[in-house]
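Just below is one structure, and these are the notes that go with it.
The values are calculated or read from the model by the stated rules, or taken from the named source; none is laboratory data. What you see is a predicted model; the values in this text were computed from it and never measured. Heads up, the Cβs are rebuilt from the backbone with ideal geometry, glycines too, and the neighbour counts pull from every protein chain shown.
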Amino acid sequence: MTEKTIEADASEPSTRRDIALVPPDAVAGRTLVTVIAIMTFLAAMTAGTAVLISEISSGWRRDVAREMTIQIKPNPSRNIEADLARAEEIARDGTGIKNVNVLKKSDSERLLEPWLGSGLDLPELPIPRLLVLKIDDKKSLDIEGLRRKISEAIPGASLDDHRFWIDRLSAMSWMVVIVAIVILTLVLVAMALAVAFATRGAMAGSHEVIHILHFVGAADSYIAREFQKHFLKLGLEGGLLGGGSAILVFILAGLASTQVSKAGGDQLQALFGSFDLGLIGYVGILLISASVAFLTSFTSRSVVLRQLQGLS
């Protein structure tokens with residue numbers, strides 16, 4: 001071993017300590033953290049909103065599936081009160097029915113007011129009468145048999161098991177999930193492109209050091225690992241900032257919905273839920289933040305290795 005080689009080997013550790021391959025204030029450093037934070041926030045909000053809508057839809061479907069409705073249209077040749085009593089008797093005799101509630105005529109009219117307004121003379125209209133049946137989940141129910149008995153005993157009567165609305169709610173829930181997945185994918189792709197451009201910019205800023213290391217025989221994996229560690233740090237910082245902001249927004253929204261409910265907004269509470277993601281939802285946001293950091297690191301490493309292959 002020559003004297004020059006010994007001197008070079010002796011000076012290598014100090015060179016590695018004094019010269020950073022990727023300077024902390026490299027191009028797009030702080031800007032990239034902001035971009036990653038915004039992208040993570042959008043991804044977390046999209047995923048969280050999809051979870052909330054899915055849970056609300058599931059709750060609606062459970063509530064709707066627990067009830068059926070018997071509708072009896074007014075018929076001048078029949079006594080509607082007798083028909084109501086007959087329908088109630090048939091429903092109570094059927095298995096799987098927990099409770100039968102016969103709505104008064106005033107209750108039926110009140111159900112139409114949001115659609116027709118309160119200025120109409122509703123008593124003069126042929127408004128159908130309704131019976132609400134509560135289903136017992138612990139017992140089997142022959143819906144078709146009950147529907148046949150109702151229609152045979154009372155002309156003009158119909159049994160609605162709300163299957164149409166359950167299917168619509170289920171389709172809506174799946175559509176929201178699919179749209180959320182598409183948006184989430186687009187956000188992650190956009191973030192990966194931003195990281196790729198930032199990595200190329202950082203490599204351009206350190207091109208002299210990279211060329212020297214590459215041509216003196218430094219392994220591509222070593223150079224890529226330095227960039228990977230740097231961008232992993234940026235990804236973690238931006239991911240935690242964006243994910244934490246999303247969690248804070250959902251917590252504040254949950255507190256606001258609770259206050260609205262206490263102030264008399266029970267209908268809004270029933271319609272939109274409590275905006276509470278639950279433990280699984282918050283853990284999911286943290287996983288998204290961690291995935292963003294991993295994607296940032298992986299994208300940076302891939303770009304560096306591809307660029308170094310071009311040098312070869």
In region 204-223, the residues that are at pLDDT 80 or above and crowded, with 16+ Cβ neighbours inside 10 Å: Ile223
Meets criteria (outside any loop (DSSP other than H, G, I, E, B), farther than 30 Å from Ala50 by Cα, in contact with a helix residue (DSSP H, G or I) (Cβ under 9 Å, 6 or more places away or on another chain) and of a type in the set (Val, Ile, Thr)) for Ile150: yes
Single residue of Gly243, Gly310, Gly278 found to be at pLDDT below 85, within 27 Å of Phe227 (Cβ to Cβ) and of a type outside the set (A, V, I, L, M): Gly310
Members of region 153-193 found to be of a type outside the set (Gly, Ala, Ser), part of a helix (DSSP H, G or I) and at pLDDT below 85, listed by number: Arg163, Phe164, Trp165, Ile166, Asp167, Arg168, Leu169, Met172
Residues that are within 40 Å of the chain's Cα centre (by Cα), more than 15 Å from Glu67 (Cβ to Cβ) and either modelled with pLDDT of 65 or more or not small (Gly, Ala, Ser) (or both), drawn from region 108-130: Ser108, Glu109, Arg110, Leu112, Glu113, Pro114, Trp115, Leu116, Pro128, Arg129
Odd one out for His162, checked against (1) on the phi > 0 side of the Ramachandran plot; (2) touching a Gly at 6+ places or on another chain (Cβ under 6 Å): (2)
Flag for Pro13 being part of a helix (DSSP H, G or I) and modelled with pLDDT under 80: yes
Residue in region 225-236 that is under 24 Å from the mean Cα position of the chain (by Cα), farther than 30 Å from Gln71 by Cα, assigned to a helix (DSSP H, G or I) and in the same structural domain as Phe298 (by TED's automatic domain parsing) present: yes
